[in-house]
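Student: Provided herewith is a single structure, encoded as structure tokens, for subsequent inquiry.
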Amino acid sequence: MTRTQRMIGGGLIVLLLSGVLGWSLAFAPNTPTFEGERTVKLPPGSGFDTITDSLASAGVLASPLTFRVVGTVTGWRRDIRAGHYAFASGGSNVDLLNALRTGREAPIRVRIPAGTRPEVAAATAAQEMRFTADDLLAALRDTALAEALEVPPGALFPYLLPDTYHFSWLTPPSRVLRSIKQTFDTRWTDDWQAQADSLGLSQHEVLTLASIVEWETGVEEEKARVAGVYLNRLDRGMRLQADPTVQYALLETEGQRRRLFFVDYDIDHSYNTYQIDGLPPGPLTNPSRASIEAVLYPEAHDYLYFVAHIDGGHTFSRTLREHNRAARAFHEAVRQQRR
């Protein structure tokens, strides 16, 4: 073999080895072995080195060095998008970089709990999203946004139908609220509207009564019965005398809900249904679908009263005499239990 042939052969070997090395750097797996997925959140404005460190800290990269090399050689390091990403084991540097530069984000699950307060819902959402709880509260108070979503000013929160929603991590709070309100609008069917019309209630009034039911009972099976009691009282021109409205008044004046005392029923507040006729001005909270349907499809009965039962739920009565007897039994049971 001549010297020239040896040089050509050596060059081919170098090229072959370089190709194998390059292929390995780009396409060989560069994640540790793990089950399921690992996630990472990359804030806007993060540099490539910071992104690499974040991926390594999240246990996504087996070799940060090779990731940096491939990102630099391809130029893709300049194209990475901020967001929330999820990675499975076995991905190559090319796989990882392609996901990051094309913005293939993993959606964030945001749970809106039922029967809560705006501050609690905002804090729950902010734990997952990029925005803060104060950002979401500000959006809830935005009168222009409320007008655009066709709800009374300052009354957007009750329309946040409790459910689990999926968003991009960087979705702004106004868009989150728009999406959830659109979900409410979709689920408010023609049948629901027909039922509300048959009861002589507006959508806002249905939510108001449903919010009282939401705070009144956690027993799903009796929600429609509780709603029936309140509707019976409204039909007869009786005051609702709903304890949740007093709790709401205390929340507004004292900052928290607590055990009620007899003096609390005399509190001067526009939501205190022991002192006002009809429904309060608006919903107390964001009612669940079950509470909304309980109002729209109430149980037909002659009950006008109910009182808590020692074993949970409530005892329902048709007359004040029956109700007083049930109330005395409940208070005696509580005294016995305390003893």
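Student: Identify the single condition in (1) surrounded by fewer than 13 Cβ atoms within 10 Å (Cβ to Cβ); (2) at pLDDT below 95 that Leu251 does not satisfy, given that it satisfies every other one.
Tutor: (1)
Student: Out of all the residues in region 64-72, is one or more of a type outside the set (A, V, I, L, M, F, W, C), in contact with a Ser or Thr (Cβ under 7 Å, 6 or more places away or on another chain) and over 29 Å from Gln127 (Cβ atoms)? Lay out the reasoning, then the answer.
Tutor: To start, the set of residues in region 64-72 that are of a type outside the set (A, V, I, L, M, F, W, C) comprises 64, 66, 68, 71-72.
Applying the additional criterion that residues be in contact with a Ser or Thr (Cβ under 7 Å, 6 or more places away or on another chain) yields 64, 68.
Among the residues that remain, those that are also over 29 Å from Gln127 (Cβ atoms) are: 68.
For region 64-72, residues of a type outside the set (A, V, I, L, M, F, W, C), in contact with a Ser or Thr (Cβ under 7 Å, 6 or more places away or on another chain) and over 29 Å from Gln127 (Cβ atoms): present.
Student: Considering only residues that are hydrophobic (A, V, I, L, M, F, W, C) and in a loop (DSSP other than H, G, I, E, B), which ones fall in region 143-195?
Tutor: Leu149, Val151, Ala155, Leu156, Leu160, Leu161, Trp169, Leu170, Trp188
Student: It is to be established whether one or more residues within region 42-55 are over 33 Å from the mean Cα position of the chain (by Cα) and of a type in the set (A, V, I, L, M).
Tutor: Within region 42-55, not a single residue is over 33 Å from the mean Cα position of the chain (by Cα) and of a type in the set (A, V, I, L, M).
Student: Considering only region 99-142, how many residues are assigned to a helix (DSSP H, G or I) and either in contact with a helix residue (DSSP H, G or I) (Cβ under 8 Å, 6 or more places away or on another chain) or buried (at least 20 other Cβ atoms within 10 Å of the Cβ) (or both)?
Tutor: Residues meeting the conditions: 17.
Student: Can you find a residue that is surrounded by 14 or more Cβ atoms within 10 Å (Cβ to Cβ) and touching a strand residue (DSSP E or B) at 6+ places or on another chain (Cβ under 8 Å) anywhere in region 187-204?
Tutor: no
Student: Something else: Can you go through Ser174, Ser179 and tell me which one is within 30 Å of Arg104 (Cβ to Cβ), surrounded by 19 or more Cβ atoms within 10 Å (Cβ to Cβ) and modelled with pLDDT of 95 or more?
Tutor: It is Ser174.
Student: Any idea which residue in region 259-279 is farthest from Val246 (Cα to Cα), counting only those that are part of a helix (DSSP H, G or I) and among the acidic types (Asp, Glu)?
Tutor: Looking at residues that are part of a helix (DSSP H, G or I) and among the acidic types (Asp, Glu), I get Asp266.
The values are calculated or read from the model by the stated rules, or taken from the named source; none is laboratory data. Every value quoted in this text rests on a predicted model; they were computed, and no experiment measured them. Cβ: placed from backbone, ideal geometry, glycine included. Neighbour counts: every protein chain shown.
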